[in-house]
Amino acid sequence: CEDARTDFVAVGDTVEAARCELLLARIVQQAGDLATSLEHAQAARRLFRRAGARQGVAQSDNLVGEIARQAGDLEGAERAYRAALLRWETIGHSHATFARANLGLVTLERGDAVAAHPLLLRSLEQFEREGRAAITAQLLAALLPCEAACGHWQAFDARAARVFELVAQTGLADSDTARMAERAGTFAAIGGHPERARLAWRFAAAQYRGL
(Lines give C-alpha, C1' and ligand atoms only; values in the text may rest on other atoms or scores of the structure.)
Protein backbone atom coordinates (compact mmCIF):
# COMPACT_ATOMS: atom_id res chain seq x y z
CA CYS A 1 0.00 0.00 0.00
CA GLU A 2 2.92 2.37 0.63
CA ASP A 3 4.16 1.82 -2.94
CA ALA A 4 0.65 2.41 -4.28
CA ARG A 5 0.39 5.63 -2.26
CA THR A 6 3.67 6.85 -3.77
CA ASP A 7 2.44 6.02 -7.28
CA PHE A 8 -0.88 7.84 -6.72
CA VAL A 9 0.95 10.90 -5.44
CA ALA A 10 3.24 10.82 -8.48
CA VAL A 11 0.30 10.88 -10.90
CA GLY A 12 -1.63 13.48 -8.88
CA ASP A 13 -4.44 11.17 -7.72
CA THR A 14 -4.87 12.75 -4.29
CA VAL A 15 -8.01 10.85 -3.31
CA GLU A 16 -6.51 7.41 -3.94
CA ALA A 17 -3.35 8.44 -2.11
CA ALA A 18 -5.53 9.49 0.83
CA ARG A 19 -7.34 6.16 0.78
CA CYS A 20 -3.98 4.40 1.01
CA GLU A 21 -3.07 6.54 4.02
CA LEU A 22 -6.38 5.64 5.65
CA LEU A 23 -5.78 1.93 5.05
CA LEU A 24 -2.24 2.17 6.43
CA ALA A 25 -3.63 3.94 9.50
CA ARG A 26 -6.03 1.08 10.18
CA ILE A 27 -3.36 -1.59 9.62
CA VAL A 28 -0.90 -0.10 12.10
CA GLN A 29 -3.72 0.72 14.54
CA GLN A 30 -4.58 -2.98 14.67
CA ALA A 31 -0.89 -3.70 15.27
CA GLY A 32 -0.98 -1.35 18.27
CA ASP A 33 1.27 1.38 16.86
CA LEU A 34 -1.06 4.25 17.67
CA ALA A 35 1.44 7.06 17.05
CA THR A 36 2.15 5.90 13.49
CA SER A 37 -1.54 5.20 12.94
CA LEU A 38 -2.37 8.78 13.93
CA GLU A 39 0.25 10.12 11.52
CA HIS A 40 -1.32 8.19 8.63
CA ALA A 41 -4.86 9.25 9.60
CA GLN A 42 -3.84 12.90 9.76
CA ALA A 43 -2.06 12.58 6.40
CA ALA A 44 -5.22 11.09 4.93
CA ARG A 45 -7.27 13.98 6.29
CA ARG A 46 -4.91 16.54 4.75
CA LEU A 47 -5.05 14.83 1.35
CA PHE A 48 -8.83 14.43 1.39
CA ARG A 49 -9.20 18.09 2.37
CA ARG A 50 -6.89 19.12 -0.48
CA ALA A 51 -9.08 17.14 -2.89
CA GLY A 52 -12.31 18.58 -1.47
CA ALA A 53 -13.50 15.08 -0.53
CA ARG A 54 -15.69 15.80 2.50
CA GLN A 55 -16.68 12.17 3.05
CA GLY A 56 -13.02 11.23 3.20
CA VAL A 57 -12.25 14.04 5.64
CA ALA A 58 -15.07 12.81 7.89
CA GLN A 59 -13.76 9.23 7.70
CA SER A 60 -10.33 10.48 8.70
CA ASP A 61 -11.73 12.52 11.59
CA ASN A 62 -13.63 9.49 12.87
CA LEU A 63 -10.51 7.34 12.70
CA VAL A 64 -8.48 10.01 14.50
CA GLY A 65 -11.16 9.84 17.21
CA GLU A 66 -10.85 6.05 17.44
CA ILE A 67 -7.07 6.25 17.77
CA ALA A 68 -7.24 9.03 20.37
CA ARG A 69 -9.82 7.09 22.41
CA GLN A 70 -7.70 3.94 22.24
CA ALA A 71 -4.70 5.99 23.45
CA GLY A 72 -6.72 7.38 26.36
CA ASP A 73 -6.94 10.90 24.94
CA LEU A 74 -10.67 11.38 25.54
CA GLU A 75 -10.61 15.11 24.88
CA GLY A 76 -8.94 14.59 21.51
CA ALA A 77 -11.36 11.77 20.71
CA GLU A 78 -14.36 13.96 21.51
CA ARG A 79 -13.03 16.76 19.32
CA ALA A 80 -12.42 14.41 16.37
CA TYR A 81 -15.78 12.63 16.68
CA ARG A 82 -17.57 15.97 16.85
CA ALA A 83 -15.82 17.10 13.65
CA ALA A 84 -16.74 13.84 11.89
CA LEU A 85 -20.36 14.13 13.02
CA LEU A 86 -20.63 17.71 11.77
CA ARG A 87 -19.18 16.83 8.37
CA TRP A 88 -21.34 13.74 7.88
CA GLU A 89 -24.47 15.60 8.97
CA THR A 90 -23.63 18.44 6.57
CA ILE A 91 -23.50 16.08 3.59
CA GLY A 92 -26.40 13.94 4.83
CA HIS A 93 -24.34 10.75 5.12
CA SER A 94 -25.67 7.78 7.09
CA HIS A 95 -22.31 7.37 8.85
CA ALA A 96 -23.29 10.32 11.03
CA THR A 97 -25.00 7.75 13.25
CA PHE A 98 -21.67 6.04 13.95
CA ALA A 99 -19.94 9.32 14.78
CA ARG A 100 -22.85 10.29 17.06
CA ALA A 101 -22.62 6.96 18.86
CA ASN A 102 -18.85 7.33 19.25
CA LEU A 103 -19.30 10.86 20.56
CA GLY A 104 -21.88 9.62 23.05
CA LEU A 105 -19.56 6.86 24.27
CA VAL A 106 -16.59 9.16 24.78
CA THR A 107 -18.81 11.76 26.46
CA LEU A 108 -19.92 9.06 28.87
CA GLU A 109 -16.33 7.98 29.44
CA ARG A 110 -15.46 11.59 30.27
CA GLY A 111 -18.04 11.41 33.04
CA ASP A 112 -21.03 13.29 31.61
CA ALA A 113 -23.75 10.64 31.51
CA VAL A 114 -26.52 13.21 31.17
CA ALA A 115 -25.01 14.78 28.03
CA ALA A 116 -24.25 11.35 26.58
CA HIS A 117 -27.86 10.16 26.93
CA PRO A 118 -29.47 11.94 23.92
CA LEU A 119 -26.52 11.12 21.65
CA LEU A 120 -26.66 7.44 22.49
CA LEU A 121 -30.44 7.27 22.39
CA ARG A 122 -30.69 8.82 18.92
CA SER A 123 -28.02 6.43 17.63
CA LEU A 124 -29.75 3.46 19.26
CA GLU A 125 -33.04 4.27 17.58
CA GLN A 126 -31.39 4.38 14.16
CA PHE A 127 -29.47 1.12 14.61
CA GLU A 128 -32.59 -0.62 15.91
CA ARG A 129 -34.48 0.44 12.78
CA GLU A 130 -31.66 -1.02 10.69
CA GLY A 131 -31.74 -4.32 12.61
CA ARG A 132 -28.11 -4.12 13.78
CA ALA A 133 -28.37 -6.39 16.81
CA ALA A 134 -24.78 -6.32 18.08
CA ILE A 135 -24.32 -2.55 18.04
CA THR A 136 -27.84 -2.14 19.42
CA ALA A 137 -26.78 -4.29 22.39
CA GLN A 138 -23.63 -2.20 22.86
CA LEU A 139 -25.61 1.04 22.90
CA LEU A 140 -28.25 -0.37 25.23
CA ALA A 141 -25.43 -1.26 27.63
CA ALA A 142 -24.02 2.26 27.28
CA LEU A 143 -27.41 3.72 28.11
CA LEU A 144 -27.58 1.81 31.41
CA PRO A 145 -25.25 4.20 33.28
CA CYS A 146 -27.06 7.15 31.68
CA GLU A 147 -30.45 5.95 32.92
CA ALA A 148 -28.96 5.23 36.35
CA ALA A 149 -27.33 8.65 36.56
CA CYS A 150 -30.63 10.29 35.56
CA GLY A 151 -32.65 8.14 38.00
CA HIS A 152 -34.70 6.60 35.18
CA TRP A 153 -35.10 3.22 36.85
CA GLN A 154 -37.95 1.88 34.70
CA ALA A 155 -35.93 2.67 31.59
CA PHE A 156 -32.89 1.06 33.25
CA ASP A 157 -34.82 -2.17 33.82
CA ALA A 158 -36.26 -2.22 30.31
CA ARG A 159 -32.87 -1.62 28.68
CA ALA A 160 -31.19 -4.21 30.90
CA ALA A 161 -33.74 -6.85 29.92
CA ARG A 162 -33.33 -6.03 26.24
CA VAL A 163 -29.53 -6.04 26.30
CA PHE A 164 -29.48 -9.42 28.08
CA GLU A 165 -31.77 -10.78 25.37
CA LEU A 166 -29.60 -9.44 22.54
CA VAL A 167 -26.37 -10.67 24.12
CA ALA A 168 -27.87 -14.15 24.37
CA GLN A 169 -28.86 -13.95 20.69
CA THR A 170 -25.60 -12.55 19.34
CA GLY A 171 -22.99 -13.94 21.72
CA LEU A 172 -21.60 -10.44 22.16
CA ALA A 173 -18.57 -10.16 24.46
CA ASP A 174 -17.07 -6.71 24.36
CA SER A 175 -14.75 -4.76 26.67
CA ASP A 176 -16.61 -1.47 26.10
CA THR A 177 -19.89 -3.15 27.03
CA ALA A 178 -18.29 -4.58 30.16
CA ARG A 179 -16.98 -1.17 31.22
CA MET A 180 -20.35 0.48 30.63
CA ALA A 181 -22.09 -2.18 32.72
CA GLU A 182 -19.55 -1.64 35.50
CA ARG A 183 -20.25 2.09 35.40
CA ALA A 184 -24.00 1.40 35.50
CA GLY A 185 -23.52 -0.73 38.60
CA THR A 186 -21.58 2.05 40.29
CA PHE A 187 -24.27 4.64 39.52
CA ALA A 188 -27.00 2.25 40.71
CA ALA A 189 -25.14 1.64 43.97
CA ILE A 190 -24.66 5.37 44.52
CA GLY A 191 -28.35 5.88 43.77
CA GLY A 192 -29.37 3.40 46.48
CA HIS A 193 -30.31 0.48 44.22
CA PRO A 194 -28.06 -2.41 45.30
CA GLU A 195 -30.00 -5.12 43.43
CA ARG A 196 -29.69 -3.23 40.16
CA ALA A 197 -26.03 -2.60 40.92
CA ARG A 198 -25.37 -6.30 41.44
CA LEU A 199 -27.26 -7.11 38.23
CA ALA A 200 -25.08 -4.71 36.24
CA TRP A 201 -21.86 -5.95 37.85
CA ARG A 202 -22.75 -9.58 37.14
CA PHE A 203 -23.38 -8.66 33.52
CA ALA A 204 -20.02 -6.85 33.36
CA ALA A 205 -18.25 -9.89 34.82
CA ALA A 206 -19.88 -12.15 32.23
CA GLN A 207 -18.75 -9.83 29.45
CA TYR A 208 -15.16 -9.88 30.72
CA ARG A 209 -15.21 -13.68 30.98
CA GLY A 210 -16.34 -13.88 27.36
CA LEU A 211 -13.40 -11.92 25.99
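Each row is one residue, and each column tells you yes or no for (1) part of a loop (DSSP other than H, G, I, E, B); (2) within 20 Å of A99 (Cβ to Cβ); (3) touching a Gly at 6+ places or on another chain (Cβ under 9 Å).
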site	(1), (2), (3)
A116	no, yes, yes
L120	no, yes, yes
Q126	no, yes, no
A141	no, yes, no
T177	no, yes, no
R196	no, no, yes
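Each residue in the range 48-66 was checked for being open to solvent by less than 40 Å² (accessible area, probe 1.4 Å) and closer than 18 Å to G104 by Cβ, and 6 of them qualify.
Here G12 fulfils each of the conditions (1) farther than 30 Å from P145 by Cα; (2) open to solvent by less than 30 Å² (accessible area, probe 1.4 Å) apart from (2). Scanning the range 56-77 for residues that are closer than 24 Å to L139 by Cβ, out of contact with any Asp or Glu (no Cβ under 9 Å at 6 or more places or on another chain) and free of Cβ contacts under 8 Å to residues at least 40 places away in the same chain returns Q59, D61, V64, E66, A71, G72, D73, E75, G76. The residues in the range 27-53 that are closer than 22 Å to I91 by Cβ and of a type in the set (D, E, K, R) can be counted, and the count is 4.
For the range 15-71, the candidate set comprises residues that are acidic (D, E) and within 17 Å of the chain's Cα centre (by Cα); within that set, the residue that is nearest to L86 (Cα to Cα) is D61.
Residue by residue, here is whether (1) within 19 Å of G104 (Cα to Cα); (2) open to solvent by 50 Å² or more (accessible area, probe 1.4 Å); (3) in contact (Cβ under 8 Å) with a residue 12 or more places away in the chain; (4) small (G, A, S) holds:
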{"residue": "G131", "(1), (2), (3), (4)": "no, yes, no, yes"}
{"residue": "T136", "(1), (2), (3), (4)": "yes, no, yes, no"}
{"residue": "L144", "(1), (2), (3), (4)": "yes, no, yes, no"}
{"residue": "A148", "(1), (2), (3), (4)": "yes, no, yes, yes"}
{"residue": "Q154", "(1), (2), (3), (4)": "no, yes, no, no"}
{"residue": "R162", "(1), (2), (3), (4)": "no, yes, yes, no"}
{"residue": "D176", "(1), (2), (3), (4)": "yes, no, yes, no"}
{"residue": "G191", "(1), (2), (3), (4)": "no, no, yes, yes"}
{"residue": "R202", "(1), (2), (3), (4)": "no, yes, no, no"}
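Taking the range 75-106 as the range and being open to solvent by 40 Å² or more (accessible area, probe 1.4 Å) and in a helix (DSSP H, G or I) as the test, the residues that pass are E75, R79, R82, L86, R87, E89, T90, I91, F98.
Among residues of the range 107-129 being open to solvent by 10 Å² or more (accessible area, probe 1.4 Å) and of a type in the set (S, T, N, Q), the one that is farthest from G65 (Cα to Cα) is Q126. With respect to (1) open to solvent by 70 Å² or more (accessible area, probe 1.4 Å); (2) touching a helix residue (DSSP H, G or I) at 6+ places or on another chain (Cβ under 7 Å); (3) acidic (D, E), the lone exception for E195 is condition (2).
The values are calculated or read from the model by the stated rules, or taken from the named source; none is laboratory data. A quick note: this is a predicted structure, and the numbers were derived from the prediction, not measured. Because the Cβ atoms are built from the backbone with ideal geometry, glycine has one as well, and the counts that use them run over all protein chains shown. The accessibility values were calculated without ligands, DNA or RNA, using every heavy atom of the protein model including side chains. Shrake-Rupley method; radii C 1.70, N 1.55, O 1.52, S 1.80 Å.
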